[in-house]
Every structure is written in structure tokens, then in C-alpha cells.
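Below you'll find the structure, written out as C-alpha cells, and then a few comments.
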Amino acid sequence: MKHGSVHIRRMRPDETGLLREFLYQAIYLPAGTEPPPRTVVDLPELRVYIEDFGIRPGDFCLVAEVDGKAAGVAWSHIMEDYGHIDNHTPSLALSLLPDCRGQGIGTQLLDGLLVLLQKQGYQRVSLSVQAENPALRLYQRAGFKMVETRGNEYLMVRDFTQPT
């Protein structure tokens, strides 16, 4: 589905509730997989992505608005998540509503968040992505390099001190 103009902006403090919905939307489901209940985001290993967001260094979030509605978010958070490297490197999460994928919105969000993190002085950012997730190509194009394989997941890092 093609949408109107895309507007990328910082998330407002009163919008942290968006992260819960987009965390759910970020769960990669291979074709034919039954979606989990929405309460899955309350599990400790997922809750860490949104818990206490906005109060610590490394907490940044960009929202993509399409036709005045949130269509996607990209956020970073220093946390003990699947993409954790160390306590100085933010982990990145990116999520789009299903009918907004494949239109370049994710690229705009990702590029914007990477610029923001660089301007804030971070040397690198990490993430975890499942091998079969189409977003893997997006991360590779943005300069993320694989540092570790964990089962069917890749731990990837974008190092701002290295040319892409």
C-alpha cells in the first residue's frame, strides 16, 4: 500500500506508549507463523526494550508519520537485550506497521537515528536480527557488520569510527 508524505521526527515524551505497539510489530514472524498474543511484550526479554525508556543516556527515538499517523519508529536504548555488546553501546530497534514496509520508510528512520547517535558522540550501535528477516539487507546497506551468529540470529554492529 502506497502512502502519502513521510515526516520523521523525534518522539515526544508523552508518546512512549507507542513503543509498546511497535515492539510488538517488530517481532519477526516467518510466513505462516501464528502471531503471539500482544502480552508477549511483557516478557522480561522483550520488556527490556521499552522499560524506563527516555530517562537514560542512549535513549533516542524517531517516529515516522505518514498522513499524520505513526507508521514506524526507530529507537535506541542501552540494555541487556539480544543485541547487547557493552554498557556504553546503545542497542537499536526498528519497527514499521506491516502495510508501511518496503517503501523506504525504515531506511529514513534508520539513517536518521544513526546520524543522531553519531552527533551524540556514540562510537557504535548494535542490534540483533533473525537471519531470514528481510530487514537484514537494510542493516547491511546501512553499514552494519556481523560480529556473531547465535543460532538463527545475527549480532550486528555499526561502527561510526570505521568507513562503511
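Details
- Candidates 121, 83, 143, 112 - the one that is more than 23 Å from residue 31 (Cβ to Cβ), in contact with a Leu (Cβ under 9 Å, 6 or more places away or on another chain), at pLDDT 95 or above and assigned to a loop (DSSP other than H, G, I, E, B): 143
- The range 23-53, subset in a helix (DSSP H, G or I) and without any contact (Cβ under 8 Å) to a residue 12 or more places away in the chain, residue farthest from residue 104 (Cα to Cα): 44
- Any hit, the range 46-56, residues being surrounded by 19 or more Cβ atoms within 10 Å (Cβ to Cβ), in contact with a Gly (Cβ under 9 Å, 6 or more places away or on another chain), within 29 Å of residue 162 (Cβ to Cβ) and of a type outside the set (Asp, Glu): no
- Per-region count, the range 124-135, residues over 12 Å from the mean Cα position of the chain (by Cα) and at pLDDT 95 or above: 1
- Residue check for residue 74: modelled with pLDDT under 95 and within 13 Å of the chain's Cα centre (by Cα): no
- For residue 26, the conditions (1) farther than 15 Å from residue 100 by Cα; (2) within 12 Å of the chain's Cα centre (by Cα) all hold with the exception of (1).
- Filtered by the rule that a residue be of a type in the set (Phe, Trp, Tyr) and within 22 Å of residue 111 (Cβ to Cβ), the range 54-92 gives 60, 75.
- Beta carbons closer than 9 Å, at least 6 apart along the sequence or on distinct chains, pair a first residue in the range 108-128 that is farther than 16 Å from residue 88 by Cα with a second that is part of a loop (DSSP other than H, G, I, E, B) and hydroxyl-bearing (Ser, Thr, Tyr) for 128/82.
- Some residue of the range 38-46 being under 23 Å from residue 117 (Cβ atoms) and under 13 Å from the mean Cα position of the chain (by Cα): yes
- In the range 130-145, the condition of being of a type in the set (Ser, Thr, Tyr) and touching a helix residue (DSSP H, G or I) at 6+ places or on another chain (Cβ under 7 Å) is met by no residue.
- None of 20, 56 is assigned to a loop (DSSP other than H, G, I, E, B), under 20 Å from residue 83 (Cβ atoms) and of a type in the set (Lys, Arg) except 56.
The values are calculated or read from the model by the stated rules, or taken from the named source; none is laboratory data. This one's a predicted model, so the numbers in the text were calculated from it and none came from an experiment. Backbone-built Cβ (ideal geometry, glycine too); neighbour counts: all protein chains shown.
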